[in-house]
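Undergrad: Encoded as structure tokens, here's the structure I'll be asking about.
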Amino acid sequence: MVTVKSSFHDVASWLDLQSQAFSATEVATFEKAIKIAEVYYQGKKFEPTDVSLLNNALTCAAMVAELHLYADAVVATLLCDIPKHCNNWVDELSGFDKTVIELVDGINRVHQIRKIGEFDLGVNEEEKKDQVEVIRKMLLAMVSDIRAVLIVLVRRGELMLHLNKDGDLELNHKIALETMEIFAPLANRLGMWQIKWELEDLSFKYLHHDEYKRIAKLLDEKRQERLDYIEHLKEYLSGQMEESGITHYQVSGRAKHIYSIWKKMKKKNYDFSGLYDIRAVRILVPEIRDCYTVLGIVHTKYSPVPGEFDDYISNPKPNNYQSLHTCVLGPNNKTVEVQIRTFAMHDHAEYGVAAHWRYKEGGENNPKFEEKIAWIRQILDWRDELTEHKDLTDIFKNEIFSDSIYVMTPTGKVITLPSGATPIDFAYAVHSSVGDRCRGAKVDGHIVPLSTALQNGQRIEVITIKEGGPSINWLHEGWVKSSKAIGHIRRYIRNQHNEDFFESGREVFERELSKVPASIRPKPEDIVQKLNHTNERDLQISIGKGDLLPIDLRAAMDALIQEATPQPREELTAAEFEKKLQEKQEKAQNNKNKVKPDSILVDGVSGIVTHMAKCCKPIPGDNIVGFITQGNGVAVHRIGCNEFNNQAKNHPHKMVKVEWGAAAKTSTFNADVEIVANDRHGLLRDLTDLFAMEKLNIFGLRTVCRNNKAIMTFTVNVSGNEFNFNNLFSKLFNIEGVTDVDRK
């Protein structure tokens, strides 16, 4: 993946190399960045190596360029050490695009917390494994652009390559340990295989020097010679498959790296002569029958090693992993492991329950986190398929970890908290007694209010009193986000004296009641009945205990006010509304869009049969791509559509370039708007009223209710003249209870 390893002493030659892949404007930006770097890097080393800082920046930037992460990532790599040598670095780099500054900031965020010596890894192997896993997640969550992590991995490879062997042995060991424990697994998860192997081998060299030398000696050929051997074998097998009529295939291969050899010898108690997969190739084909055809080719051309064949297609592993594994004596009687599987099996192995990183690392079974990692790796695959920079302007934005944050204790232990968590949540995550006695907090050494929302990577210190308990106001004010903290606070409060609860609850009850105008204010007895309590005192005690929050009280009063207000028209249930919509759909000829024939150009040509894909419902203004279907013309998808990506991966030859034609502006299109809201009486009516005011016809509705949350997907008909969804969404957010709005 990354082949640039030469040093650059001549800036002119470096710029000349980049001019082969980048525009003149982009190369001019590189030159501008280098001039700034020369000022601040002059005479400095890439610590703790002896390589000059400028030379390191040029080498790493060239490697980033080869990864196709775009010009702004190359510029950020050149400039990422500026913050260490310039206090007002943001002003210094103000002449560059804002994404460059964001990337530089992200790289430095990772560097600030990266050293494993700063983390508390626990007292046993299980604790250590758990903490290292959380640290990896924190490094991913720390950045707003995932490319910052990729740049850090490239720089880490250069650091390991140039560590001073005669330098500080303890420092070298510490750097190698954090590389092996943190960065190599991250590279593995992100699909940066070549970097991952290099990081592991270079770390192994410092962590187990004698073993490294022994295995290196046993490998009686140099790494490049092994790689050349694999390349020759790949070319030969490709030719054999072409002759057999298999034209759609993919052959990849690698020479087994030293660390992997040592790990397998240790795990299976083998000696070196017992390893058959020092060299390996993987062959991907469309159909299962092709797998066995290829197996026949391999076994005909090369002698199989007895006892080294596994058919995981006929007999899948318990996690549904499928593949053919065999070992043969290849050219020059050298053993080669061969894996054969379909493209679909490979996708499952890479992104599904058999994900490579989990069974190699022994990671926890967390489907939600695995889904996020798979998403990132798909992005890395797409970067070569999409040629327009604008297509990927925001695709690297790292919003997928926004449901959790990762913060540290003063000793370096990493704590996982829900997004929006406060120092109170942190205190209870440390220990319930710390939470009960929490009265203040310091974030990165500065005292902050207990209501402060914490951010990724911050170091938190809790200020406690000797005795005492939590305040019910922490719940009333919404300062607590984690279920653990909420549960502890409520249990503590319930154990206190009811008279105290009554007084505090009465104050909250009267305060909330006074906020409602007297003319429409509900009667206290009606509120008591609405909230299923026996009397007013009982209700106020529940408020004092935190079983009922002010938001619950306000919701009950709003419902009573609405019930007492004459309704302008009949309120329909979701089921009744969906039935009426179904009738409307039938009258609208099965909900067909009014898309004119020349709305889509296929490879610049109009008049070709097309249809809007139902999975993503593109409209003018969306970036689109086409896929040739069987008997139904070209399906038009939004770029990034999962359904399209799955189809394109299996049938890349069916992808076609499409673009919006002039007729699209006078056509109408269907779009899905998903709304998440706190369920309440009148919610459906308020939403449909807004769509009516916006003159949007509703052609479909799907509703799901869970835990008092309503998830509604409205299918609406919009004009092709680049409909303004932002304006619609802002109005939807103003409706009471709506928490999230997005296009499906």
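The values are calculated or read from the model by the stated rules, or taken from the named source; none is laboratory data. Keep in mind it's a predicted model, so treat the numbers as computed, not measured. Reconstructed Cβ throughout: ideal geometry from the backbone, glycine too, with neighbour counts over all protein chains shown. Calculation scope for accessible area: heavy atoms of the full protein, side chains included, ligands and nucleic acids excluded. Shrake-Rupley method; radii C 1.70, N 1.55, O 1.52, S 1.80 Å.
Undergrad: Exactly one condition in (1) part of a helix (DSSP H, G or I); (2) over 31 Å from the mean Cα position of the chain (by Cα); (3) not hydrophobic (A, V, I, L, M, F, W, C) is not met by THR59; state its number.
TA: (2)
Undergrad: Output the residues belonging to the stretch 10-30 that are outside any loop (DSSP other than H, G, I, E, B) and open to solvent by less than 80 Å² (accessible area, probe 1.4 Å). So that I can check it myself, show each step before the final result.
TA: As a first pass, look at the stretch 10-30 and keep what is outside any loop (DSSP other than H, G, I, E, B): 11-18, 24-30.
Of everything in the stretch 10-30, those that are outside any loop (DSSP other than H, G, I, E, B) and open to solvent by less than 80 Å² (accessible area, probe 1.4 Å) turn out to be VAL11, ALA12, SER13, TRP14, LEU15, LEU17, GLN18, GLU26, VAL27, ALA28, THR29, PHE30.
Undergrad: Also, quick follow-up: Exactly one condition in (1) among the acidic types (Asp, Glu); (2) assigned to a loop (DSSP other than H, G, I, E, B); (3) at pLDDT below 80 is false for ASP500; which is it?
TA: Condition (2) is where ASP500 drops out.
Undergrad: Hey, another quick one. Restricting attention to the stretch 92-99, does a residue exist that is at pLDDT 85 or above, touching a strand residue (DSSP E or B) at 6+ places or on another chain (Cβ under 9 Å), buried (at least 17 other Cβ atoms within 10 Å of the Cβ) and within 20 Å of ASN456 (Cβ to Cβ)?
TA: yes
Undergrad: In addition: On the given criteria, is ARG156 out of contact with any Leu (no Cβ under 6 Å at 6 or more places or on another chain), at pLDDT below 70 and of a type outside the set (Phe, Trp, Tyr)?
TA: For ARG156, the condition - out of contact with any Leu (no Cβ under 6 Å at 6 or more places or on another chain), at pLDDT below 70 and of a type outside the set (Phe, Trp, Tyr) - is not met.
Undergrad: Residues in the stretch 545-555: is at least one open to solvent by 70 Å² or more (accessible area, probe 1.4 Å), modelled with pLDDT under 80 and outside any helix (DSSP H, G or I)?
TA: Within the stretch 545-555 (the criterion being open to solvent by 70 Å² or more (accessible area, probe 1.4 Å), modelled with pLDDT under 80 and outside any helix (DSSP H, G or I)), the answer is no, since none of the residues qualifies.
Undergrad: When you check GLY487 against the structure, is it open to solvent by less than 80 Å² (accessible area, probe 1.4 Å) and either closer than 30 Å to MET138 by Cβ or part of a helix (DSSP H, G or I) (or both), yes or no?
TA: When the stated conditions are applied, GLY487 passes them.
Undergrad: For residues in the stretch 516-531 being within 18 Å of ILE551 (Cα to Cα) and aliphatic (A, V, I, L, M), which is surrounded by the fewest Cβ atoms within 10 Å (Cβ to Cβ)?
TA: Within the stretch 516-531, the match that is surrounded by the fewest Cβ atoms within 10 Å (Cβ to Cβ) is VAL516.
Undergrad: Exactly one condition in (1) out of contact with any Ser or Thr (no Cβ under 8 Å at 6 or more places or on another chain); (2) modelled with pLDDT of 80 or more; (3) hydrophobic (A, V, I, L, M, F, W, C) is not met by ILE493; state its number.
TA: Only one criterion is unmet by ILE493, namely (2).
Undergrad: Of the residues GLU47, GLU26, GLU38, only one is closer than 13 Å to GLU158 by Cα and out of contact with any strand residue (DSSP E or B) (no Cβ under 6 Å at 6 or more places or on another chain); which?
TA: Every option except GLU47 fails the conditions.
Undergrad: More than 21 Å from ASP603 (Cα to Cα), under 31 Å from the mean Cα position of the chain (by Cα) and assigned to a helix (DSSP H, G or I): which single residue out of LEU690, LEU728, LEU684, LEU701 fits that description?
TA: Residue meeting the stated conditions: LEU728.
Undergrad: Only residues that are within 18 Å of GLU477 (Cα to Cα) and open to solvent by 70 Å² or more (accessible area, probe 1.4 Å): list them for the stretch 493-515, please.
TA: Passing the criteria: GLU503, ARG506, GLU507, GLU510, ARG511, SER514, LYS515.
Undergrad: Please verify whether the stretch 570-585 includes one or more residues that are touching a helix residue (DSSP H, G or I) at 6+ places or on another chain (Cβ under 9 Å), open to solvent by less than 60 Å² (accessible area, probe 1.4 Å) and modelled with pLDDT of 60 or more.
TA: No: zero hits.
Undergrad: So which of LYS654, LYS649, LYS665 is of a type in the set (Lys, Arg) and farther than 30 Å from VAL285 by Cβ? Explain how you work it out, then say what you get.
TA: Details: LYS654 fails: farther than 30 Å from VAL285 by Cβ; LYS649 fails: farther than 30 Å from VAL285 by Cβ.
One residue alone meets the criteria, LYS665.
Undergrad: Taking the stretch 506-519 as the region of interest, how many residues are under 45 Å from the mean Cα position of the chain (by Cα) and modelled with pLDDT under 85?
TA: Residues that pass the stated criteria total 2.
Undergrad: Output the residues belonging to the stretch 433-442 that are over 14 Å from SER471 (Cα atoms) and either touching a helix residue (DSSP H, G or I) at 6+ places or on another chain (Cβ under 6 Å) or surrounded by 18 or more Cβ atoms within 10 Å (Cβ to Cβ) (or both). Explain how you work it out, then say what you get.
TA: As a first pass, look at the stretch 433-442 and keep what is over 14 Å from SER471 (Cα atoms): 441-442.
The one that is over 14 Å from SER471 (Cα atoms) and either touching a helix residue (DSSP H, G or I) at 6+ places or on another chain (Cβ under 6 Å) or surrounded by 18 or more Cβ atoms within 10 Å (Cβ to Cβ) (or both): ALA441.
Undergrad: Just to be sure I understand, how many residues within the stretch 426-470 are without any contact (Cβ under 8 Å) to a residue 60 or more places away in the chain and farther than 24 Å from HIS111 by Cα? Walk me through how you get there before you give the answer.
TA: In the first step, residues of the stretch 426-470 are kept if they are without any contact (Cβ under 8 Å) to a residue 60 or more places away in the chain; the result is 426-427, 429-455, 458-470.
Then drop every residue that is not farther than 24 Å from HIS111 by Cα, which leaves 427, 429-441, 447-452, 462-470.
The qualifying residues number 29.
Undergrad: On to the next question. Looking only at the stretch 43-75, which residues are surrounded by 18 or more Cβ atoms within 10 Å (Cβ to Cβ) and free of Cβ contacts under 8 Å to residues at least 24 places away in the same chain?
TA: Hit for the stretch 43-75 is LEU54, nothing else.
Undergrad: Can you give me the number of residues within the stretch 678-703 that are under 17 Å from ILE561 (Cβ atoms) and open to solvent by less than 20 Å² (accessible area, probe 1.4 Å)?
TA: Taking the stretch 678-703 and keeping what is under 17 Å from ILE561 (Cβ atoms), we get 678, 680-683, 685-686.
Keeping just the survivors that are open to solvent by less than 20 Å² (accessible area, probe 1.4 Å) gives 682-683.
Here the count works out to 2.
Undergrad: Tell me, please, whether a residue that is within 39 Å of the chain's Cα centre (by Cα) and assigned to a strand (DSSP E or B) can be found in the stretch 463-478.
TA: Yes, the conditions are met somewhere in the stretch 463-478.
Undergrad: Within the stretch 611-632, track down each residue that is more than 33 Å from the chain's Cα centre (by Cα) and at negative phi.
TA: GLN630, ASN632 - these are the residues of the stretch 611-632 that are more than 33 Å from the chain's Cα centre (by Cα) and at negative phi.
Undergrad: Quick one: is ASN87 open to solvent by 10 Å² or more (accessible area, probe 1.4 Å), within 25 Å of the chain's Cα centre (by Cα), without any contact (Cβ under 8 Å) to a residue 40 or more places away in the chain and more than 28 Å from GLN20 (Cβ to Cβ)?
TA: When the stated conditions are applied, ASN87 does not pass them.
Undergrad: Just one of VAL305, VAL281 is in contact with a Phe, Trp or Tyr (Cβ under 7 Å, 6 or more places away or on another chain), open to solvent by less than 60 Å² (accessible area, probe 1.4 Å), modelled with pLDDT of 75 or more and under 24 Å from ASN333 (Cα atoms); which is it?
TA: On inspection, the qualifying residue turns out to be VAL305.
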